[in-house]
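Pasting in a structure now, in structure tokens, and then I'll have a few things to ask.
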Amino acid sequence: MPCALCAADTPLRPYAVSGGPEAASVDLCALCADQIDGTLEPEHWRCLASSMWSEDTPVQVLAARILARLSDHDWARDLVDQLWLDEDTRAWVDNLPQDSGHRDSNGVPLAQGDTVVLIKDLPVKGANFTAKRGTAVRGISLVLDNPAHIEGRVEGQRIVILTEFVKKR
């Protein structure tokens, strides 16, 4: 099965499309997923001229959001002018999560409910265990007044974790 955005025939991974229905995702190649979370290479995204017409709504939403980020390029503005979305889809496109300032060790933004992986063994204060490197922490909560802290459940304990010791999965 090819990538939903660039049609590359490489291994795919699900990519969550936030702001809409619960568990909405798109199967993307590693290149597309990494660029969406980081810096966009405009030439790679010319593929959106065809994928923006997908019948899969999450693909349309992702294409519209990427085109909006590339709006300083004439070709991207032309595609945005051509793209028609119904009211519900347009509301989903515009429903972007606010950047809380929480970032993982690689600088990737973290959001409420994300899954992260520990990149270092962490001794847990007040408990008699060490959270081991490689442990997945699902459904994190953001500490709103401190972007360097998140909360998650490890070995049944709810703990505060420094964002510098996690990587978004």
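If the requirement is being surrounded by fewer than 17 Cβ atoms within 10 Å (Cβ to Cβ), of a type outside the set (A, V, I, L, M, F, W, C) and over 13 Å from the mean Cα position of the chain (by Cα), which of these qualifies: R69, R13?
When all the criteria are applied, what remains is R69.
Then there is this: From the list N106, N95, pick out the single residue that is touching a residue at least 60 places away in the same chain (Cβ under 8 Å), under 20 Å from R13 (Cα atoms) and among the polar types (S, T, N, Q). Even if it seems obvious, please write down each step before you answer.
Numbers: N95 fails: under 20 Å from R13 (Cα atoms).
Going through N106, N95 in turn, just one is touching a residue at least 60 places away in the same chain (Cβ under 8 Å), under 20 Å from R13 (Cα atoms) and among the polar types (S, T, N, Q): N106.
Have a look at D88, D145 and point out the one that is at pLDDT below 95 and out of contact with any helix residue (DSSP H, G or I) (no Cβ under 9 Å at 6 or more places or on another chain).
Unique residue meeting the criteria: D145.
Which pairs do you get when a residue that is of a type in the set (D, E), found in the range 28-53, comes within reach of a residue that is in a loop (DSSP other than H, G, I, E, B), reach meaning Cβ atoms under 6 angstrom, with the pair 6+ apart or on two chains?
Qualifying pairs under 6 Å: D37/V108.
Name, by its number, the condition in (1) closer than 21 Å to S25 by Cα; (2) crowded, with 16+ Cβ neighbours inside 10 Å that does not hold for S141.
The single condition S141 does not satisfy is (2).
Separate question: Search the range 133-151 for residues that are free of Cβ contacts under 8 Å to residues at least 24 places away in the same chain and hydroxyl-bearing (S, T, Y) and pair each with any residue that is assigned to a loop (DSSP other than H, G, I, E, B) and open to solvent by 30 Å² or more (accessible area, probe 1.4 Å) when their beta-carbon atoms are under 9 Å apart and the residues are at least 6 apart or on different chains.
Within 9 Å, the pairs are T135/E155.
Please state which one of G152, G113 is at pLDDT below 90 and surrounded by 13 or more Cβ atoms within 10 Å (Cβ to Cβ). Working first, answer last.
Numbers: G152 fails: at pLDDT below 90.
One residue alone meets the criteria, G113.
While we're looking at this one, here's another question. So which residues in the range 91-105 are open to solvent by 50 Å² or more (accessible area, probe 1.4 Å), charged (D, E, K, R) and at pLDDT 85 or above, if there are any at all?
D94, R103
Could I ask something else about it? Out of curiosity, is L40 crowded, with 19+ Cβ neighbours inside 10 Å and under 19 Å from the mean Cα position of the chain (by Cα)?
For L40, the condition - crowded, with 19+ Cβ neighbours inside 10 Å and under 19 Å from the mean Cα position of the chain (by Cα) - is not met.
For residues that are open to solvent by less than 70 Å² (accessible area, probe 1.4 Å) and farther than 17 Å from H149 by Cα, tally how many sit in the range 116-130.
Qualifying residue count, the range 116-130: 3.
The values are calculated or read from the model by the stated rules, or taken from the named source; none is laboratory data. Computed from a predicted structure; not experimentally measured. Note that each Cβ is placed from the backbone with ideal geometry, even for glycine, and that neighbours are counted across all protein chains shown. Ligands, DNA and RNA are stripped out before the accessible areas are found, and what is left, the full protein with its side chains, is counted by its heavy atoms. Shrake-Rupley method; radii C 1.70, N 1.55, O 1.52, S 1.80 Å.
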